[in-house]
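The block underneath contains the structure these notes are about, expressed in structure tokens.
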Amino acid sequence: MPDPERMVIWKHQFPPMAAGMEVELLRDAKVLHFAEQHGQFCFWEIHHQSETATKRRVFQIIGTGHPADVDPGRHIATCLVHGGDYVFHLFEVD
């Protein structure tokens with residue numbers, strides 16, 4: 001029987017060419033990392049494997065130098081693409 005206190009990590013992929021995404025995550029999910037993998041932006045989150053309650057969360061990707069109507073306190077992570085030629089920042093938005 002699985003240990004209800006155990007944590008599990010899941011990956012979520014942004015749709016191709018998307019600058020944002022709305023997703024139902026488990027309520028206790030904490031985003032660990034944001035990166036480009038095989039040409040797609042992804043983020044990884046961790047949650048208790050026994051969690052069942054979900055919450056709608058919205059994420060936005062902003063490129064360096066682009067206008068951003070976001071709360072700096074909601075910054076999650078930064079991702080470098082093509083050896084650092086492009087830099088993108090992931091924010092959680094309401």
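Read-outs throughout are calculated quantities, based only on the coordinates presented, and are distinct from any laboratory measurement. Note that this is a predicted model, so its numbers are computed, not measured. So basically every Cβ, Gly included, is an ideal-geometry build from the backbone, and we count neighbours across all protein chains shown.
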With +1 on the Cβ of every Lys and Arg and -1 on the Cβ of every Asp and Glu, and nothing else charged, how large is the dipole of the chain about its Cα centre, in debye rounded to the nearest 20?
80
Would you grab the residues whose amide H sits under 5 Å from the one on Met7? Only those 5+ places off in sequence or on another chain, please, with H modelled 1.01 Å from N.
Gln49
Which cross-chain or sequence-distant (5 or more) residues have an amide H under 5 Å from the amide H of Ala29, H modelled 1.01 Å from N in plane?
none
Gln37-Gln49 pseudo-label distance in nm [points 7 Å out on the Cα-to-Cβ vector]:
1.8
Enter the Cα centre distance for the pair segment 40-94 and segment 7-25, rounded to the nearest angstrom.
9
Amide H to amide H, which residues 5 or more places from Phe14 or on other chains are under 5 Å from it, using H placed in the peptide plane?
Phe41, Cys42, Phe43
Percent of C-alpha pairs per 5 Å bin, the chain, short to long:
3, 12, 23, 23, 17, 11, 6, 3, 1, 0
